[in-house]
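Chemist: Take this structure, written in structure tokens, and hold onto it; I'll ask about it next.
Since every read-out is calculated from the coordinates, none of them should be taken as a lab result. These figures come from a predicted structure and were not determined experimentally. Don't worry about glycine lacking a Cβ; one is built from the backbone with ideal geometry, like all the others, and counts go over all protein chains shown.
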Amino acid sequence: MLESAPAAALRIRNLRKTYKDVVAVDGLDLDVPVGECFGLLGPNGAGKTTTIEICEGLTAPDSGDVEVLGMHWKTDAAKLRQRLGIQLQETQLSEKLTVLETLCLFRSFYHQGAPAEDIIGLVQLEEKRDSRIGGLSGGQKQRMALACALVGEPELLFLDEPTTGLDPQARRQLWELIEQLKLAGRSILLTTHYMDEAERLCEHVAIMDHGKTIALGTPRELVASIGIEHVVEFSAGGPGRELDLEPLRRLEGIRDVKAENGSVLMQATELHLAVPALLAELARQQIPLTELRTHSATLEDVFVTLTGRHLRDE
Amino acid sequence: MNSAPVDSQIHSPAARSRFADHPLTQLTLVRFREFLREPEALFWVFIFPILLAAGLGLAFRNRPPEVLQIAAVSPNLARSLRTEKLLSVSEFSPENGLQALRAGKVALLATPGSNGVVVYAYDDTNPEGRTAKMLADRAVQRAAGRIDPVGSKDRILREPGSRYIDFLIPGLLGMNLMGSGIWGLGFTIVDSRRKKLIKRLVATPMPRHYYLLSFGLSRLLMLVVEVGVLVGFGAFVFKVPVRGSLLDLAVLSLVSSLAFGSVGLLIASRAQTIEAVSGIMNLVMMPMWILSGVFFSAQRFPDVIQPVIHVLPLTAVIDALRANMLQGAGLVQLAPQLAILGCWMVVCFTVALKIFRWR
């Protein structure tokens with residue numbers, strides 16, 4: 001393709017979509033630069049899937065403008081389909097077909113692309129080449145779904161929750177694959193509700209809630225933006241020995257204190273001051289510490305700070 | 001790669017691979033693979049109709065003329081009656097004879113009455129009794145010296161083409177075409193939609209009409225086997241005649257299959273669950289199983305509903321198949337039925353395309 005390359009692989013302006021009485025996407029703006037992996041984060045029902053399906057041309061928006069690879073679905077659908085790779089959330093392929101048969105089928109729809117055999121090698125399913133899809137493990141099925149998205153050598157990949165429901169090892173394997181694709185220069189739009197996934201794979205992330213972007217930036221910028229560097233989590237005391245949280249809020253280096261499911265979460269700016277102060281306060285109240293953990297602030301903490309809720313709250 | 005002549009474009013590796021890699025080829029292959037890897041489907045489409053035809057063919061096979069059991073009370077009478085080959089005569093005492101008659105062991109009891117009269121005791125509502133009476137009386141009269149004033153000769157006709165099995169095979173063939181057209185499309189499409197497989201395909205550059213066309217193509221190839229197996233079975237095992245041209249039969253089967261395929265497509269165009277589509281399929285097929293004359297003639301239904309019965313696709317298919325196979329009717333004579341099928345095909349396909357749910 002010798003057309004002048006657009007600066008953005010994907011450009012969304014003021015996108016809206018309403019289902020009956022639910023506003024799924026509410027005036028969304030988004031830019032995915034070429035060659036970048038962009039993460040769309042948010043809890044279930046935040047509007048991630050609706051957004052990505054509008055970008056994939058599977059759902060029509062109520063209003064707003066979506067420009068994919070410099071083209072529009074209304075006028076360039078056939079051209080666009082050839083240049084996109086799509087993985088739907090929980091793709092189910094025909095269980096009775098083998099890995100090779102399925103990829104040959106998908107390959108036949110695209111003008112360009114590597115032979116099905118090469119794609120099988122890329123996603124490391126050589127041993128399963130002639131096995132039926134029905135007999136694959138969850139991780140293998142997800143790699144197969146990714147393979148189906150890759151057969152047309154897409155410039156832009158849409159991956160909708162590619163690792164949901166996988167065990168840690170299968171997730172890591174898929175992450176390595178996605179990193180390879182990034183090295184090959186493909187643009188990727190990825191949705192996930194795993195913050196560690198976004199932190200590892202994405203150059204930029206947009207955090208979505210109730211159909212809107214509530215934060216946008218690199219993972220590092222977002223974590224920095226909430227002004228917390230560390231989170232201290234501890235359990236102390238027991239029945240009849242209630243901990244008084246008020247004095248904790250006044251400790252040096254502590255920004256916020258919250259009790260949650262029997263443990264306490266404290267957001268700390270300076271860990272080296274906060275921890276000794278906490279221990280001293282517990283000793284003063286004569287309450288024994290049963291568990292203490294600290295971690296550097298993550299995108300999860302960004303979400304909690306912005307919305308007061310956890311990402312995977314129902 | 002092979003020894004095909006150079007001038008044959010089709011056989012060059014490049015052309016062959018272009019054919020093999022064509023989306024329509026691949027989609028049709030998928031249809032076949034999915035079908036062949038489902039043993040139940042194979043049973044219902046190929047084995048079941050044969051079992052049904054074999055079972056019903058055996059039950060309604062033409063037996064040799066039956067010999068009727070009768071009883072005679074006197075030895076003289078018994079001797080005269082034994083001249084009739086279609087009667088098997090036993091001698092009884094009057095009481096035992098009456099008992100055997102009541103128990104249905106014999107169809108008739110012949111007793112000598114006063115003045116040389118013969119008394120026949122039988123149930124006149126039982127066809128066997130009536131037949132036995134006529135045969136017995138003829139034997140008694142002839143034995144007594146009667147000469148029939150008009151001579152007669154029998155010519156026995158037991159020709160293929162007018163037996164129940166001849167009626168049945170085209171009926172089963174029609175039923176089979178309907179079943180595989182409607183079930184084959186209905187279940188596959190709704191199952192793919194339920195599993196979001198259709199949505200996944202629509203997300204690729206696959207031309208949508210290829211998807212629907214692949215069902216038509218696979219039906220077409222399967223048809224050859226389906227029709228061949230059933231007609232071949234009927235012809236070889238029961239000598240069911242195929243009097244019309246095979247080409248006409250092929251065209252007829254093709255049109256029927258496409259008409260039922262369109263009906264199946266329409267049924268499957270919106271449904272999102274297997275339960276829903278099963279319900280609609282049964283609702284559509286049940287009246288035709290009953291009304292369209294698969295197992296007995298549709299003429300038996302009241303005249304009022306005959307016009308309705310005649311426009312049902314299965315009635316048209318079965319009428320046309322019977323006319324073709326049993327009477328040797330050509331396509332011209334079958335034009336009315338073909339027109340009915342054509343209408344079903346065009347209307348259902350057009351509506352299905354309009355309302356088809358692609359996700």
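Chemist: Of the candidates A:Thr59, A:Thr102, A:Thr75, which one comes out as most mobile in a Gaussian network treatment of chain A with C-alpha springs shorter than 10 Å?
Modeler: A:Thr75
Chemist: In the structure displayed, which of A:Lys96/B:Lys199; A:Lys20/A:Lys141; A:Lys79/B:Lys199; A:Lys79/B:Lys354 lie more than 22 Å apart, Cα to Cα?
Modeler: Values: A:Lys96/B:Lys199 18 Å; A:Lys20/A:Lys141 33 Å; A:Lys79/B:Lys199 18 Å; A:Lys79/B:Lys354 24 Å.
Violating the 22 Å Cα-Cα cut-off are A:Lys20/A:Lys141; A:Lys79/B:Lys354.
Chemist: Within 10 Å of each Cβ in A:109-117, how many Cβ atoms from other chains are there, averaged over the peptide?
Modeler: On the way: counts 9, 4, 1, 0, 0, 0, 1, 1, 0.
Mean partner-chain Cβ count within 10 Å for A:109-117: 2.
Chemist: Could you please rank A:Lys141, A:Lys96, B:Lys105, placing first whichever residue has the fewest other Cβ atoms within 10 Å of its Cβ? Working shown, then result.
Modeler: Details: A:Lys141 21, A:Lys96 16, B:Lys105 13.
Fewest-to-most Cβ neighbours within 10 Å comes out as B:Lys105, A:Lys96, A:Lys141.
Chemist: I would also like to ask the following. Give or take rounding to whole Å, what are the principal axis extents of the alpha carbon atoms in segment B:68-143, in descending order?
Modeler: Result, largest extent first: 28, 23, 19 Å.
Chemist: So for A:Glu117, A:Glu281, fewest C-beta neighbours within 10 Å to most, what's the order?
Modeler: Working: A:Glu117 14, A:Glu281 18.
Placing the least packed residue first, the sequence is A:Glu117, A:Glu281.
Chemist: A further question follows. Considering the options A:Ser131, A:Gln180, A:Leu157, tell which one lies farthest towards the positive end of the dipole of segment A:8-218, charges being +1 on Lys and Arg and -1 on Asp and Glu at the Cβ, about the Cα centre.
Modeler: A:Ser131
Chemist: At a threshold of 8 angstrom on Cα-Cα distance, excluding pairs fewer than six apart, so keeping six or more, what relative contact order does chain A reach in percent? Kindly include the intermediate steps, with their values, before the conclusion.
Modeler: Numbers: 589 pairs, mean separation 61.8, N = 314.
Taking the mean separation of contacting Cα pairs over the length of chain A, I get 20 percent.
Chemist: Taking only DSSP H segments of four or more residues, each worth -39500 (n - 2.57), what value at 222 nm results for chain A once the sum is divided by all its residues, to the nearest 500 deg cm²/dmol?
Modeler: -10000 deg cm²/dmol
Chemist: Could you line up A:His72, A:His210 from fewest to most neighbouring Cβ atoms inside 10 Å?
Modeler: Values: A:His72 13, A:His210 16.
Ranking A:His72, A:His210 by Cβ neighbours within 10 Å, fewest first, gives A:His72, A:His210.
Chemist: Output the Kirkwood hydrodynamic radius of segment A:75-233, Cα pairs only, in Å rounded to one decimal.
Modeler: Evaluated on segment A:75-233, it is 17.0 Å.
Chemist: Could you estimate the translational diffusion coefficient of segment B:200-287 from the Stokes-Einstein equation, with Rh from the Kirkwood formula over C-alpha pairs, at 20 °C and 1.002 mPa s, in whole µm²/s?
Modeler: Here the translational diffusion coefficient equals 138 µm²/s.
Chemist: Here's a follow-up. With N set to the residue count of segment A:251-303, report its C-alpha Rg divided by 2.2 N^0.38 Å to two decimal places. Please report the intermediate quantities before stating the final value.
Modeler: Numbers: Rg = 11.5 Å, N = 53, 2.2 N^0.38 = 9.9 Å.
That works out to 1.16 for segment A:251-303.
Chemist: Let me know the Rg and Dmax you get for chain A when you use only its Cα atoms, in Å.
Modeler: 23.0, 74
Chemist: Please tell me which of these pairs span more than 26 angstrom C-alpha to C-alpha: A:Lys74/B:Lys196; A:Lys17/A:Lys258; A:Lys17/B:Lys196; A:Lys17/B:Lys195; A:Lys182/B:Lys196? All intermediate terms of the calculation are to be shown ahead of the outcome.
Modeler: Numbers: A:Lys74/B:Lys196 23 Å; A:Lys17/A:Lys258 35 Å; A:Lys17/B:Lys196 21 Å; A:Lys17/B:Lys195 24 Å; A:Lys182/B:Lys196 28 Å.
Result: A:Lys17/A:Lys258; A:Lys182/B:Lys196 exceed 26 Å.
Chemist: Just to be sure I understand: with springs between alpha-carbon atoms less than 10 Å apart, which residue in A:Glu67, A:Glu95, A:Glu161 has the highest mean-square fluctuation in the Gaussian network model of chain A?
Modeler: A:Glu95
Chemist: Over what distance in Å are the Cα centres of segment A:209-248 and segment A:174-195 separated?
Modeler: 28 Å
Chemist: Using only alpha carbon pairs under 8 Å that are at least six residues apart, calculate the relative contact order of chain B and give it in whole percent. Working shown, then result.
Modeler: Working: 426 pairs, mean separation 65.6, N = 359.
Averaging sequence separation for qualifying contacts and normalising by length gives 18 percent for chain B.
Chemist: Give me D for chain B in µm² s⁻¹, whole number, from Stokes-Einstein with Rh from the Kirkwood sum over alpha-carbon pairs, 37 °C and 0.692 mPa s. Spell out each step's value before the answer.
Modeler: Numbers: Rh = 25.0 Å.
Rounded to a whole number, D works out at 131 µm²/s.
Chemist: Work out the mean other chain Cβ neighbour count within 10 Å for the residues of B:17-23 and drop it here as an integer.
Modeler: Details: counts 0, 0, 0, 2, 5, 1, 6.
Shielding by partners across B:17-23 averages 2.
Chemist: Across all directions of projection, what mean area in square nanometres is found for the Cα convex hull of the protein assembly as shown? Kindly include the intermediate steps, with their values, before the conclusion.
Modeler: Working: hull surface 211.6 nm².
The directionally averaged projection comes out at 52.9 nm².
Chemist: How large are Rg and Dmax for segment A:130-189 when calculated on the C-alpha trace, in angstrom?
Modeler: For segment A:130-189, the Cα-based Rg and Dmax read 11.7, 33 Å.
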